[in-house]
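> Dropping a structure here in structure tokens format, bear with me for questions.
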Amino acid sequence: AALALADVTRLPLRDGCLDAVFGAGLISHLPDPEAGLRELARVVRPHGLLALFHPVGRAALAARKGFAITPGDLRAEPNLRPLLARSGWELTSYTDRDTRFLALAVRQG
């Protein structure tokens, strides 16, 4: 395993060179989430894995920050599933509990 510090929209990696990607707290920090997820799909082999993780769920995180969850939240399953699909991923598992957020996806194609 190796750790790379890079811009997620321009990864210094060749196509299909990774088996999996683990993104902790990633989606809400991307200026263009679809482009970032598409770039991750580029560097992951077909049928490779994507794990989007946060140590607390959406409701718990919003409560900590004094916000309410909005219908437009990209991490909400009805929003995340099509976003992933447009980016080359298929959502296979979705967990949003106070103790964790975990979305697992498989690289299409």
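The values are calculated or read from the model by the stated rules, or taken from the named source; none is laboratory data. As the structure is a prediction and not an experimental result, all values here were calculated from the model. Cβ: placed from backbone, ideal geometry, glycine included. Neighbour counts: every protein chain shown. In case anyone asks, the SASA skips ligands and DNA or RNA and just uses the protein heavy atoms, side chains included. Shrake-Rupley method; radii C 1.70, N 1.55, O 1.52, S 1.80 Å.
> For region 18-107, what does the equivalent ellipsoid look like in terms of its semi-axes, each the square root of 5 times an eigenvalue of the Cα gyration tensor, given largest first in whole Å?
In descending order the semi-axes read 23, 13, 11 Å.
> For the chain, find the longest principal axis of its Cα atoms and tell me its angle to the long axis of helix 77-86, 0 to 90°, nearest 10.
20 degrees
> Which FRET efficiency value, to the nearest 0.05, is calculated for LYS65 and ARG14 with the Förster distance at 30 angstrom and r the Cβ-Cβ distance?
That pair, LYS65 with ARG14, gives E of 0.20.
> Shifting gears a bit: As a test of the formula, what do you get for the chain when each DSSP H run with n ≥ 4 contributes -39,500 (n - 2.57) and the sum is divided by the residue count, at 222 nm and rounded to the nearest 500 deg cm²/dmol?
About -7500 deg cm²/dmol.
> Compute the length gained on full extension between PHE22 and SER93: take 0.36 nm times their separation in residues and subtract their Cα-Cα distance, giving the result in nm to one decimal.
Here the segment from PHE22 to SER93 would lengthen by 24.1 nm.
> Report, for region 18-107, the % of DSSP beta bridges that are antiparallel, rounded to 5.
The antiparallel fraction comes to roughly 70 percent.
> Measuring with a 1.4 Å probe in the full set of protein chains, what accessible area per residue, in whole Å², belongs to the chain?
Result: 60 Å² per residue.
> Restricting to Cα pairs below 8 Å that are 6+ residues apart, what does the relative contact order work out to for the chain? Please round to a whole percent.
Over the chain, the number comes to 30 percent.
> Another question, if that's okay. Length gain on complete extension for the stretch HIS47 to LEU3, per 0.36 nm per residue less the alpha carbon to alpha carbon distance?
Between HIS47 and LEU3, full extension yields 13.7 nm more.
> Follow-up question, since we're still on this one. Ignoring ligands, DNA and RNA, what percent of the 1.4 Å accessible area of region 18-107 is carbon and sulfur?
Ligands and nucleic acids excluded, carbon and sulfur reach 58 percent.
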